[in-house]
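Only one structure is covered here, and it is reproduced in the block below.
The values are calculated or read from the model by the stated rules, or taken from the named source; none is laboratory data. Predicted, not measured: the structure shown is a model, and the values here were computed from it. Note: ideal-geometry Cβ built from the backbone for every residue, glycine included; neighbour counts use all protein chains shown.
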Amino acid sequence: MNTTSSFHQSTSLTTITKAGQFVPNIDMPFVVKNLFKPGEVAMIAGAPGLGKSTISAAIAAHAAQGRDFGGLSVKNAVVIYYAAEDAYGVLCRAHPYMRDPACAHAPFYVVHGAPNLLDPETPEKVTRFVAAKMAEHQCEQALVIFDTLNRCIGEADENSSSAMGTVVGNAGYIARVANASVVFVHHTGNGNPDRPRGSSAFHGNVDCLCLLSKSNDDAASKVVLLNAIKQKNAQALGTLPFKLQSLEVGIDSQGCRVTVPMAVPMEPGSFAQSMKADNTNHPPKQNTQERRDDVERVLNELAQSEPGAFFSPTEIAARSGSAFNKIRDSDSLRRAIQRVLETLEKAGQAERGEKGYRVAHRTITANASHPAE
């Protein structure tokens, strides 16, 4: 009899794991920690006019830049936002966070319209598109948003459990194959704000379900609360508040103020208390290679937009991602960026000039001769 001591044993049908040899992963991948994870399907549901798209666009903008919000850790992700209902409105809602020139090349793509998630060809088409953008931006994960869900199911009845089960299943395929967190934006039931509208397959099959509700503290403040009522393999979160406000973007030809909606993440009131962890090691310091990869990514993006130009450490820091979140609001950020740039210069991956740094010329040539497929 042939035996094996390997952790997994594969058969033609499935993979078998010995439970006694299993060790939980203490560094689970995430886009937004304990909320949106690669390989999973989530839903944000709320009543009409409550700010679903405004909040979704704000979360997407933070993910595209790798910026923490509301006390939650965020890692850089390519964002593909399928705006089936109002692409212009989504772009307006993302504008408050993307208007800075430093964000011009952040991987946040708004698709005007959306595919039919019941079409059997859709999962593969979406996966190929997401994978291409991930390769282009040298990013290992993605956030894919479908807004709103009822515009992405063709003529199907959202009350049909079989049809909606297929929709969630196809979204799951996209999530797994593209290493993406897929998020549906959907409505709550008429007269029932405690569950998504339509089939119970939504509640039963999604990995994370978030419901939006108005804050009762101050009606004039326009605070909307995001509550994750279902999470898969994640620490329970407290309520995440967002303040809905407007940002003035200019004056029109008639002298009237022009504004766009904006959702401002606020610090959560509380987080669930967790049990003492088995692993009592101190939190590790930020990975040096992760910071180096992030600065190299920034230099490559700058080289694509302004070939041959040099950029100061301050300009490069403004474009840095999640690898620098722990020191973003301190002078340590500039020093850390400077150290990484000097390391890349010594390695021949960056060049220094009077005005700052740029990616090394031979690196640009190498990338150009081996484009991502």
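In the stretch 135-157, the residues that are under 14 Å from A64 (Cβ atoms) reach residues that are crowded, with 20+ Cβ neighbours inside 10 Å and of a type in the set (S, T, Y) with C-beta atoms within less than 6 angstrom, at least six apart or across chains, in these pairs: L143/S181; I145/S56; I145/Y81. Just a yes or no: is a residue in the stretch 288-295 at pLDDT 85 or above, part of a strand (DSSP E or B) and either assigned by TED's automatic domain parsing to the domain that holds S73 or surrounded by fewer than 17 Cβ atoms within 10 Å (Cβ to Cβ) (or both)? So far as the stretch 288-295 goes, no, none of its residues is at pLDDT 85 or above, part of a strand (DSSP E or B) and either assigned by TED's automatic domain parsing to the domain that holds S73 or surrounded by fewer than 17 Cβ atoms within 10 Å (Cβ to Cβ) (or both).
So how many residues does the stretch 92-105 have that are among the basic types (K, R) and assigned to a helix (DSSP H, G or I)? Step through it out loud before you land on a result.
Residues of the stretch 92-105 that are among the basic types (K, R), as a first pass: 93, 99.
Pick out the ones that are also assigned to a helix (DSSP H, G or I) and you get 93.
Residues meeting the conditions: 1.
Pick from the stretch 55-91 the residues that are part of a helix (DSSP H, G or I) and of a type in the set (S, T, Y): which of them is nearest to Q235 (Cα to Cα)? Among residues in the stretch 55-91 that are part of a helix (DSSP H, G or I) and of a type in the set (S, T, Y), the one nearest to Q235 (Cα to Cα) is S56. Can you find even one residue in the stretch 124-138 that is within 16 Å of K75 (Cα to Cα) and modelled with pLDDT of 95 or more? The answer is yes; a qualifying residue exists. Among the residues of the stretch 186-235, the ones that are closer than 20 Å to N34 by Cβ and among the β-branched types (V, I, T) come to 3 in all.
Can you find even one residue in the stretch 68-80 that is touching a strand residue (DSSP E or B) at 6+ places or on another chain (Cβ under 7 Å), more than 20 Å from L225 (Cβ to Cβ) and modelled with pLDDT under 95? Within the stretch 68-80, not a single residue is touching a strand residue (DSSP E or B) at 6+ places or on another chain (Cβ under 7 Å), more than 20 Å from L225 (Cβ to Cβ) and modelled with pLDDT under 95. Between L91, L50, the distinction of being over 10 Å from the mean Cα position of the chain (by Cα), within 20 Å of M266 (Cβ to Cβ) and surrounded by fewer than 23 Cβ atoms within 10 Å (Cβ to Cβ) belongs to L50 only.
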